[in-house]
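Asks: Below you'll find the structure I mean.
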Amino acid sequence: MRIDVITLFPDLFVPFQQQGVVRRAFDSGAVNLKLWQLRDFASGNYRRVDDRPFGGGPGMVMAAQPLMDALSAIRADRAEPQAMQAPVVLFSPQGETITHARVAAQAASSQGVILVCGRYEGIDQRFVDRFVDLQWSLGDFVLSGGEIAAIAWLDAVARLLPGVLGDADSHLQDSFNDTLDGLLDCPHYTRPEVWEGRAVPDALLSGNHAAIAAYRRQQSLRVSAHSRPDLVDEARRTQALTPADEAFLAEVARSSQT
Ligand code: SAH
């Protein structure tokens, strides 16, 4: 999957591509990441990519022209037929929040994307109106630039690609996955069996696979009901909850009232 990034800070992406499990996605070419320094598309001696906002106020705004020139260079380099052109995505606090569903859809698709990382107060709205197809947000807070959002998204996509995680199926057991009916993951424990006076739950030491699976399902239901009741509601709506799940949730609700 080819991914192009327009950024003023391409160096931020370099260590990310060289560390941890996701490194495999870049080394193997599963993700072909091309970084485009926006400043290379600025004209004039000072290579300015930003200017003062019309109407006044603090900060600077990224100008539309260098962004359009960078995008034209990327389109020429990708050489895709018009109908198959990769969408242009702007990272923005005003976008739709990045979710597992969106990340998984990207990992399953061979079509790449062109990512635009804003800086300063943001980018000239006329570029957004004309060229941006999608806007994605990392959450309801403001970053100083889109790069960290882009890296977060790239990490989430890359780890879902075949051959990236050591155990091919391990991501299926993670929060939000269909395997968990979209619920949160259960708590995890490792050695020692007793740490600082706290023991690992008996069920996990039983060696009984059915009992372990039942225990993990219950813990997944418990943490989801506590932290993300919306996920439980959604699982119920899609009829993913069994009578045993419902009985356990009723028990959790009763015990939290007492
Ligand atoms: N004035 C803008 C924020 C600009 S922050 C506003 O209030 O909406 C500068 C850049 O950082 C943005 O253009 C965007 O690319 C990036 N950014 C900031 N917060 C982000 C978030 N939550 N998710 C994704 N990108 C973000």
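The values are calculated or read from the model by the stated rules, or taken from the named source; none is laboratory data. From a predicted model like this one, the values you see are computed outputs, not experimental measurements. Cβ: placed from backbone, ideal geometry, glycine included. Neighbour counts: every protein chain shown. Keep in mind that these areas ignore ligands, DNA and RNA; they rest on the heavy atoms of the full protein, side chains included. Shrake-Rupley method; radii C 1.70, N 1.55, O 1.52, S 1.80 Å.
Asks: Out of the stretch 248-258, which residues are modelled with pLDDT of 95 or more and either aromatic (Phe, Trp, Tyr) or surrounded by 10 or more Cβ atoms within 10 Å (Cβ to Cβ) (or both)?
Replies: Listed by number, the residues that qualify are Phe248, Leu249, Ala250, Glu251, Val252, Ala253.
Asks: Additional query: Any residue at all in the stretch 201-214 that is touching an Asp or Glu at 6+ places or on another chain (Cβ under 7 Å), surrounded by 14 or more Cβ atoms within 10 Å (Cβ to Cβ) and part of a helix (DSSP H, G or I)?
Replies: Looking through the stretch 201-214, none of the residues is touching an Asp or Glu at 6+ places or on another chain (Cβ under 7 Å), surrounded by 14 or more Cβ atoms within 10 Å (Cβ to Cβ) and part of a helix (DSSP H, G or I).
Asks: Go through Gly163, Gly139 for me and flag whichever is outside the structural domain of Ala240 (by TED's automatic domain parsing), modelled with pLDDT under 95 and surrounded by fewer than 16 Cβ atoms within 10 Å (Cβ to Cβ).
Replies: Just one listed residue meets the conditions, Gly163.
Asks: Let me ask another. List the number of the failed condition for Asp155; all other conditions in (1) among the acidic types (Asp, Glu); (2) within 16 Å of the ligand (Cβ to nearest atom); (3) open to solvent by 70 Å² or more (accessible area, probe 1.4 Å) hold.
Replies: Going through the list (1) among the acidic types (Asp, Glu); (2) within 16 Å of the ligand (Cβ to nearest atom); (3) open to solvent by 70 Å² or more (accessible area, probe 1.4 Å), Asp155 breaks only (3).
Asks: How about the stretch 38-56: which of its residues are in contact (Cβ under 8 Å) with a residue 40 or more places away in the chain and in a loop (DSSP other than H, G, I, E, B)?
Replies: Within the stretch 38-56, Val49, Pro53 meet the criteria.
Asks: Looking for something in contact with an Asp or Glu (Cβ under 7 Å, 6 or more places away or on another chain), of a type outside the set (A, V, I, L, M, F, W, C) and surrounded by fewer than 18 Cβ atoms within 10 Å (Cβ to Cβ) - is there at least one such residue anywhere in the stretch 183-194?
Replies: Looking through the stretch 183-194, at least one residue is in contact with an Asp or Glu (Cβ under 7 Å, 6 or more places away or on another chain), of a type outside the set (A, V, I, L, M, F, W, C) and surrounded by fewer than 18 Cβ atoms within 10 Å (Cβ to Cβ).
Asks: Ok, one more. Does the stretch 172-182 hold any residues that are crowded, with 18+ Cβ neighbours inside 10 Å and part of a helix (DSSP H, G or I), and which are they?
Replies: Leu180
Asks: Identify, please: which residue in the stretch 55-75 is open to solvent by 50 Å² or more (accessible area, probe 1.4 Å) and small (Gly, Ala, Ser) and is, among those, farthest from the ligand (Cβ to nearest atom)?
Replies: Looking at the filtered set, the residue picked out is Ser72.
Asks: Give me the pairs: first residue in the stretch 62-88 and under 12 Å from Asp4 (Cα atoms), second residue among the acidic types (Asp, Glu) and part of a helix (DSSP H, G or I), beta-carbon distance under 8 Å, and six or more apart or on different chains, which are they?
Replies: Ala70/Asp40
Asks: Right, something else. Every residue in the stretch 1-15 that is open to solvent by less than 30 Å² (accessible area, probe 1.4 Å), part of a helix (DSSP H, G or I) and among the hydrophobic types (A, V, I, L, M, F, W, C), please. Steps first, answer last, please.
Replies: Looking only at the stretch 1-15, we keep the residues that are open to solvent by less than 30 Å² (accessible area, probe 1.4 Å), and these are 3-8, 10, 13.
When the remaining residues are screened for being part of a helix (DSSP H, G or I), the result is 10, 13.
Passing the criteria: only Phe13.
Asks: Residues in the stretch 90-101: is at least one open to solvent by less than 30 Å² (accessible area, probe 1.4 Å), in contact (Cβ under 8 Å) with a residue 40 or more places away in the chain, under 20 Å from Trp153 (Cα atoms) and away from the ligand (no atom under 15 Å from the Cβ)?
Replies: no
Asks: Same structure again: Restricting to the stretch 25-47, and then to whatever is open to solvent by 90 Å² or more (accessible area, probe 1.4 Å) and at pLDDT 95 or above, can you tell me which residue is nearest to Ser144 (Cα to Cα)?
Replies: Ranking the candidates gives Asp40 first.
Asks: Of the residues Gln125, Gln106, which is of a type in the set (S, T, N, Q), touching a helix residue (DSSP H, G or I) at 6+ places or on another chain (Cβ under 8 Å) and either more than 12 Å from the ligand (Cβ to nearest atom) or modelled with pLDDT of 95 or more (or both)?
Replies: Details: Gln125 fails: touching a helix residue (DSSP H, G or I) at 6+ places or on another chain (Cβ under 8 Å).
Sole residue among the options that is of a type in the set (S, T, N, Q), touching a helix residue (DSSP H, G or I) at 6+ places or on another chain (Cβ under 8 Å) and either more than 12 Å from the ligand (Cβ to nearest atom) or modelled with pLDDT of 95 or more (or both): Gln106.
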